[in-house]
Amino acid sequence: MKLVFATHNSNKAKEIQSLLTDDFQILTLTDINCIDEIPETSETLEGNSLLKAQFVSDNFNLNCFADDTGLEIDALNGRPGVYSARYAGEEKNAEANMNLVLSELKNESNRKALFRTVITLILNDKTNVFEGIIRGEIADEKRGTDGFGYDPIFIPEGQTKTFAEMTLAEKNQQSHRARAFEEMIDFLKNDI
Ligand code: IMP
């Protein structure tokens, strides 16, 4: 079965393909010649992942899934959340985003946060939603050079290293995205 992952990132697609049997063929937006910038105008992760999956389902009539991720910080009432990529501005600069979070949390003792990934799968016109969460806290300063986004300031619960101080394998064993994808893969393997 052909399944479109609503992303242009072929590495993300390869990672998922490696976790599935040959019964599933994962295609990216590039593979289906979808060059449109799909609007992500919702105010929730659920809404944006649905918008992306629905766009492919409506315009290409193919089974499809899409993901959306955000960092939700307790003391900031869940911000940056759905605005994580562009928290400090439309240029989507990770350093500026982290600096803004650190300055907003200056002198704040509650540093609890979580990463949340939502996946919407539209399979045979039915919509299924999966979620992956990792809880942790925001570090006092940036540490580590691996990873991307907010990795240098996120420490998973019960651990001491930030995501950016871990190897990719260490991060992938526990990450929000990995957990959400595991849920979808279990569903694809068992429920259809
Ligand atoms: P996306 O929905 O995967 O594009 O993620 C939106 C934004 O959330 C990214 O631009 C990053 O700022 C942040 N983000 C998502 N996943 C991670 C992660 O695993 N580590 C750090 N930041 C992340």
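In summary, the lysines within cross-link reach of K2, defined as a Cα separation below 21 angstrom excluding same-chain residues under 8 places away, comprise K12, K14, K52, K126, K189.
For the chain, excluding the exposed loop sites themselves (trypsin sites (Lys or Arg not before Pro), DSSP loop, at most 13 other Cβ atoms within 10 Å), the longest remaining stretch covers 1-91. Close amide H partners of A139, meaning residues 5 or more places away or on another chain with modelled amide H under 5 Å apart, are F154, I155.
Evaluated with a Cβ-only charge set (Lys, Arg +1; Asp, Glu -1), the chain carries a dipole of roughly 260 debye about its Cα centre, given to the nearest 20. Loop-located GluC sites (Glu not before Pro) in region 1-90 (DSSP state other than H, G, I, E, B) with a sparse environment of at most 11 neighbouring Cβ atoms within 10 Å: E37, E43, E90.
3J(HN,Hα) couplings calculated from phi for region 11-19 with the Karplus curve 6.51 cos²θ - 1.76 cosθ + 1.60 (θ = phi - 60°) are, in sequence order, 5, 4, 5, 5, 4, 5, 4, 5, 9 Hz; Gly and Pro show x. If you run the Gaussian network model on the chain, springs between alpha carbon atoms under 10 Å, then out of S49, S18, S175 the most flexible one is S18. For the chain, find the longest principal axis of its Cα atoms and tell me its angle to the long axis of helix 45-60, 0 to 90°, nearest 10. Helix 45-60 and the main axis of the chain meet at about 20 degrees.
Selection among N97, Q25, L62 by position relative to the dipole of region 2-191 gives N97 as farthest towards the positive end (Cβ unit charges, Cα centre).
As a check on your grasp of the helix formula, calculate [θ] at 222 nm for the chain: sum -39500 (n - 2.57) over DSSP H runs of n ≥ 4, divide by the residue count, round to the nearest 500. So the calculated ellipticity at 222 nm is -9000 deg cm²/dmol.
To the nearest Å, what is the center-to-center distance of region 110-126 and region 25-44, using C-alpha atoms only? Rounded to whole Å, the Cα centres lie 17 Å apart. Amide H contacts of R79: I73, each under 5 Å away and 5 or more positions distant or on a separate chain (H built 1.01 Å from N in the peptide plane; Pro and chain starts excluded).
Taken one residue at a time, the phi angles of region 100-107 give Karplus couplings (6.51, -1.76, 1.60, θ = phi - 60°) of 5, 4, 4, 6, 5, 9, 4, 6 Hz. Gly and Pro are set to x.
Computed from the coordinates by the stated procedures, all read-outs in this text should not be read as laboratory data. Since the model is a prediction, treat every value here as computed from it, not as a measurement. Positions of Cβ are generated from backbone atoms using ideal geometry, with glycine treated the same way; all protein chains shown enter the neighbour counts.
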